[in-house]
1. Quick one: divide the alpha-carbon radius of gyration of the range 118-197 by 2.2 N^0.38 Å and tell me what you get.
2. Between the range 59-115 and the range 168-191, what's the alpha-carbon centroid distance in Å?
3. In deg cm²/dmol, rounded to 500, what helix-only [θ] at 222 nm does the chain give when every DSSP H run of at least 4 residues adds -39500 (n - 2.57) and the total is split over its residues?
4. Please determine, in degrees from 0 to 90 and to the nearest 10, the orientation of helix 57-71 with respect to the longest principal axis defined by the Cα atoms of the chain, where the helix direction is its Cα long axis.
5. Can you sort 34, 132, 99, 193 so the residue with the fewest Cβ neighbours within 10 Å comes first?
6. For 49, 157, 164, what's the fewest-to-most ordering of other Cβ within 10 Å of each Cβ?
7. Which angle from 0 to 90°, rounded to the nearest 10, does the C-alpha axis of helix 74-89 make with the longest principal axis of the chain?
8. Give me 163, 94 ranked fewest to most by other Cβ atoms within 10 Å of their Cβ, as a rough exposure proxy.
């Protein structure tokens, strides 16, 4: 069964129900994208309420909204990419091995690229959450820290998927990039939690 499209237009309950279905997609990557979007929304809220406390609040709101928009389509794209991997793995055995390997390699590469983009957005959200936790309204530092921790978690999930999809190509530079993003997101989450009262 093909993954349904339009996750960003579904209610949270509908999205959760589609994740819970007995289908392989949407899965971890789509969930990481949605979590990243929610974390960005949380940063936007905390920054908006910080306008009287912090001169940089408006810029943080704009960045958070841009991150939310950037990650919104990635839930669908991740599910579609994983469906392509499954289709490649189900190719008839009569297909030439070179053709099969090329199709599967291409599908796995795309299935790694989308989680990498999710990890990039998630790490950016974690960094922005840490900034708002440090500079924003002190009464909302816990919410900004929550956003940073959610960003870290989403970056870890997405990086794990990059590693899985590139397992046969350890020299791929995207592996190192994804791992750097997790390190940065983790450091940002620690700063955010330390800033919270």
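1. 1.18
2. If you average the Cα positions of each part, the centres end up 19 Å apart.
3. Calculated from helices alone, the mean residue ellipticity at 222 nm is -26500 deg cm²/dmol.
4. Relative to the chain, helix 57-71 is tipped by roughly 10 degrees.
5. 99, 193, 34, 132
6. 164, 49, 157
7. 20 degrees
8. With the sparsest Cβ surroundings first, the list reads 94, 163.
Here, each number is a calculation from the coordinates, and none is a lab measurement. As the structure is a computational prediction, the values presented were derived from the model and not from experiment. Note that each Cβ is placed from the backbone with ideal geometry, even for glycine, and that neighbours are counted across all protein chains shown.
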